[in-house]
Amino acid sequence: MAITSTLTTSFKKELLEATHNFATGGNAFKLALYTSSATLGATTTAFTTTGQASGTNYTSGGAALTKVAPTSAGTTGFTDFADLTFGTATVTARGCMIYNDTNGDKSVATIDFGGDKTSTSGDFTIVFPAAAASTAIIRIA
């Protein structure tokens with residue numbers, strides 16, 4: 001099993017179909033945690049419970065993300081999310097999936113943490129990179 005860090009192929013196609021709206025007041029997005037038994041990558045099309053992490057203060061389906069308004073710099077359009085914390089959680093995860101909770105739980109991106117990350121009765125925090133053309137989690141150049 002493996003998790004690959006990528007924007008999913010279905011997401012790229014769905015952008016051209018106007019399925020995803022990252023604007024303020026647009027679609028709601030969530031982040032779900034996954035274990036090393038998950039298989040996630042470019043061909044992932046939607047949220048799945050298969051291989052999802054479980055633990056204290058982690059709910060199936062993950063948690064809502066707070067969006068950063070889409071913008072551009074140079075020839076790159078990008079958007080990002082505020083850091084997300086699962087408070088007082090006991091959970092182990094190898095990666096995560098960002099998905100569109102408004103439109104059929106369609107996948108946006110899968111992210112490999114590079115190894116298992118664990119919290120024991122503490123904060124499990126996903127720290128997103130800066131919202132900039134060369135670093136934002138979602139960018140189109």
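Read-outs: derived from the displayed coordinates by stated rules, not from any lab. Since the structure is predicted, the reported quantities are computational estimates derived from the model, not experimental observations. Every residue, glycine among them, receives a Cβ derived from its backbone with ideal geometry; neighbour counts consider all protein chains shown.
Hey, got the dipole for region 81-141? About the Cα centre, +1 on K and R Cβ, -1 on D and E Cβ, debye to the nearest 20?
Numbers: 4 positive and 6 negative charges, 31 e Å.
It works out to roughly 140 debye.
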ask   = Once you charge only the Cβ atoms, +1 for Lys and Arg and -1 for Asp and Glu, what is the size of the charge dipole of region 37-139 about its Cα centre, to the nearest 20 debye?
value = 140
note = 1/(1 + (r/R0)^6) with r = Cβ-Cβ of Thr90 and Met1, R0 = 35 Å, i.e. FRET efficiency to nearest 0.05, evaluates to 0.95
task = Calculate the translational D of the chain in whole µm² s⁻¹ from Stokes-Einstein, where the hydrodynamic radius comes from the Kirkwood formula applied to all Cα pairs, the temperature is 4 °C and the viscosity 1.567 mPa s.
result = 85
